[in-house]
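The values are calculated or read from the model by the stated rules, or taken from the named source; none is laboratory data. Keep in mind it's a predicted model, so treat the numbers as computed, not measured. Reconstructed Cβ throughout: ideal geometry from the backbone, glycine too, with neighbour counts over all protein chains shown. Just so you know, the surface numbers come from the protein's heavy atoms only, side chains and all, with ligands and any DNA or RNA stripped out. Shrake-Rupley method; radii C 1.70, N 1.55, O 1.52, S 1.80 Å.
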Amino acid sequence: MAIGVTRTYVGSIKNQQQVCDGLDSLGDSASKIWNVARWTADRIWDATGEIPDVGVLKAYMKNHRCWNDLNAQSSQKVIEELSDAFQSWFDLRQNDPKANPPGYRKHGDTRPKSTVTFKEDGFKHDPENNRVRLSKGSNLKEHWSDFLLCEYQTRPDVDLSGVNRVQNVRAVWNGDEWELHFVCKVSLETNDSAGDGVAGIDLGIKNIAVVAFPDEYVLYPGNSLKQDKHYFTRAEYDTEGENGPSEKSRWARRKLAEREMHFYHTLTETIIAECVERGVGTLAVSWPEDVRESDWGKTANKKLHTWAFDRIYQYLAYKGEIRGVNVLKENEWNTSQTCSQCGDDTKANRKHRGLYVCQSCGLVGNADCNGAENMRQKITPSPHGEDRSNGCVAQPSVHLFDAKSGVFAPREQVVS
């Protein structure tokens, strides 16, 4: 069965120096439109007690000079984003009266480089030559046919000439340079359910993912990812200059982002492939709901923000959809300290990060495997007292990322 899905592909801009000034002007203009519309909404709020809807704001902003700094559809998109931000604020303050409304876009005395979205009449795509032409607003054109011609490069496995349709192109400032995001409509062939089996995943720091399959526990350590972060972060800091990031510093940051993306894609592809091979049609992913508000979250905030929970879940979800694996998000609360064999939730059972010892039934094993099994039992509960570990909790299979081949493999197969 074929399904239509939306995918976003990131492209680096090869002629960055030639187009960065033009993109800077467009990004600055998008911020200005946001700020003027935000100021207008504030004045109307003070006068009427209501925030104007998106149609009213668009009608007002069309008469403002900054509106013509961008293509008309790009300017409209900025107002739509502001309206969505206000709606999110309305929803949030139902539970949090102190929630702050959308703010102005400014960094000190300067405006940040806002994302600029080009809809169908704002770009012309040439996938055969990896080029895209981006429209300027009439105020920024030096002549009637003035535009920005960006040459881009995507991942080797991405071929934009094969997609059904590029819906829009977004110019995004990533903190160091501009990049292009191609939002595409693609058609994918999906498989029937991979099977009736259920697996659970525990996501973490040391072990990026631990999967409890019906017949085996598999650990996926993040050693390779940590080594990359250490190496490229050091390279970035060592080459940082007084006048801002150097060329090598930008290279290090970009290279780290590319390697992280490859790691997460490979990890999730491997897990979904294992599910299909083992007849697993349902995958329960641990999700740390409200963890940042917990005492533990506040003390470990730095590490929490480096976890790629959302990225891993999104990758698993769309890869699973294609191959017949239903990926579910489940609250992980209390799964780390509850015994997966007898249900004892004594806090002292969790001896330290890697060891779990149940004081009731005597289960001894890997703590992350125990957590993953609890995630699995959220979907298919096992009667307490049923022993399905067979020593696997204590000695799970470990799959390492092999940097040479770029794949995950059992530890004994990885050549160091």
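Can you sort Asp96, Asp215, Asp146 by solvent-accessible area, 1.4 Å probe, largest first?
Of Asp96, Asp215, Asp146, the descending order of accessible area is Asp215, Asp96, Asp146.
Run down the lysines and flag those whose C-alpha is under 25 Å from the C-alpha of Lys378, throwing out any fewer than 8 positions away in its chain.
Hits, sequence-local ones excluded: Lys206, Lys319, Lys329, Lys347, Lys351.
Which pairs, out of Lys32/Lys248; Lys32/Lys77; Lys255/Lys404; Lys113/Lys136, put more than 23 Å between their alpha-carbon atoms?
Distance filter (> 23 Å) returns Lys32/Lys248.
Would you calculate the separation in nanometres between label points at Ala348 and Gln94, each defined as 7 Å from the Cα along the Cα-to-beta-carbon direction?
For Ala348 paired with Gln94, the spin-label model returns 4.5 nm.
If you take the beta carbon distance between Val276 and Lys124 as r and set R0 to 35 Å, what does 1/(1 + (r/R0)^6) give as a FRET efficiency, to the nearest 0.05?
Rounded to the nearest 0.05, the efficiency is 0.30.
What order, most packed first, do the peptides 44-55, 201-212 have when packing is the mean number of other Cβ atoms within 10 Å of each residue?
201-212, 44-55
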